[in-house]
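The values are calculated or read from the model by the stated rules, or taken from the named source; none is laboratory data. Please read these numbers as outputs of a predicted model, since none were measured by experiment. Glycine also receives a Cβ, built like all others from the backbone with ideal geometry; neighbour counts cover every protein chain displayed. For the accessible areas, the whole protein counts, side chains as well, though only heavy atoms, and no ligand, DNA or RNA atoms are used. Shrake-Rupley method; radii C 1.70, N 1.55, O 1.52, S 1.80 Å.
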Amino acid sequence: MVSRTTDDYMALACAGCKAVNEPAFWAGYDRASAQGFYDYFRQITEYEPKRAAKFCIEHYCWLCINPKEAEDPGLAREVMALIPEFLKSPNVLGIGEIGLNKNSRNELMILEEHIQIAEDHDQLILVHTPHLEDKLKGTKLIIDALLNHSKINPGRVIIDHVEEHTAPLSWIRGSGQE
Amino acid sequence: MSGNDSNLVDLGFLDARIKLIDIAAFLDRLDRHGQADDYRVKALREAFAELDSKEPGRASRVLDALSDHTEEPIEAAEIQGAFGAPPETD
């Protein structure tokens, strides 16, 4: 919702919307430092809930560094180190949108570390799957990574952005009915 | 069609007709400008076969045809976007 105007909140309220949930997302450019993410996490845990409340809308969010910015593991780890402090915020639903973008080794490594944070803090997981030609391969790699964490309950994982060719994969493998 | 069903042909035919003509016109433009050999266009042409299939699941198979079917992660992400079809491999 950080990219939405106050008029958008008004339109949501008029349409009967009671709550929104906002995954941590790529800003349209790569942030230069972890401090930028600290401010962003404050924005979606402190400021946006207040802005939404003015329109009687409950605001919830998810925390992570989006896979689009996961190619720099040093920066990604600095950002992930910030997450536990914000998990105490009452509007935080879990870790997300984590996942893959171009299906690179660094993205996969940072995905694994996000899953570990969710496991360590008993958090829900919201998954972003890649776009276009990368979606099928990325969805398979993501599901493998999730299933490698035996303590992750598939019932506490949402795989988003599925399409006709990846929805059955997510349902069947995610529910352990292979 | 049962009495309670919407007529999906009424609802969707003109939209599908427009999209089909758009694709035909796109291919004509590519031919005129000598750009029909692009790897994305080749992938698109291969996916067209699914449109004539009589088997349900066409959308899934079109998406499959336009997907990267390699299994190993790439070494590094050099871009953040995607192109809609996997690059040709030698």
Item to check | Subset of region B:56-72 [crowded, with 16+ Cβ neighbours inside 10 Å and within 7 Å of chain A (Cβ to nearest Cβ)] | outcome: B:SER60, B:LEU63, B:ASP64, B:LEU66, B:SER67, B:ASP68
Item to check | region B:73-90 - residue that is free of Cβ contacts under 8 Å to residues at least 12 places away in the same chain and surrounded by 10 or more Cβ atoms within 10 Å (Cβ to Cβ) and, of those, farthest from A:HIS165 (Cα to Cα) | outcome: B:ALA76
Checklist outcome for this item: Residue pairs within 9 Å by beta carbon, gap of at least six or interchain, first lying in region A:20-37 and more than 18 Å from B:ILE79 (Cβ to Cβ), second assigned to a strand (DSSP E or B) and modelled with pLDDT under 95, listed first then second, are A:PRO23/A:HIS128; A:PHE25/A:HIS128
Next on the checklist: Can you find, within region A:99-115, the residue that is nearest to the other protein chains (Cβ to nearest Cβ) among those that are part of a helix (DSSP H, G or I) and either farther than 14 Å from A:ALA145 by Cα or under 14 Å from the mean Cα position of the chain (by Cα) (or both)?
Outcome noted: A:GLU107
Item to check | Top-ranked residue in region A:116-145 [being farther than 15 Å from A:ASP160 by Cα and surrounded by fewer than 19 Cβ atoms within 10 Å (Cβ to Cβ); ranked as nearest to the other protein chains (Cβ to nearest Cβ)] | outcome: A:ASP144
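On the basis of being modelled with pLDDT of 95 or more, small (Gly, Ala, Ser), exposed (fewer than 11 other Cβ atoms within 10 Å of the Cβ) and under 14 Å from the mean Cα position of the chain (by Cα), does B:ALA24 make the cut?
The answer is yes for B:ALA24.
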Checklist entry - Restricted to region A:60-79, and to residues that are open to solvent by 10 Å² or more (accessible area, probe 1.4 Å) and touching a helix residue (DSSP H, G or I) at 6+ places or on another chain (Cβ under 6 Å), which residue is farthest from B:ILE74 (Cα to Cα)? => result A:GLU78
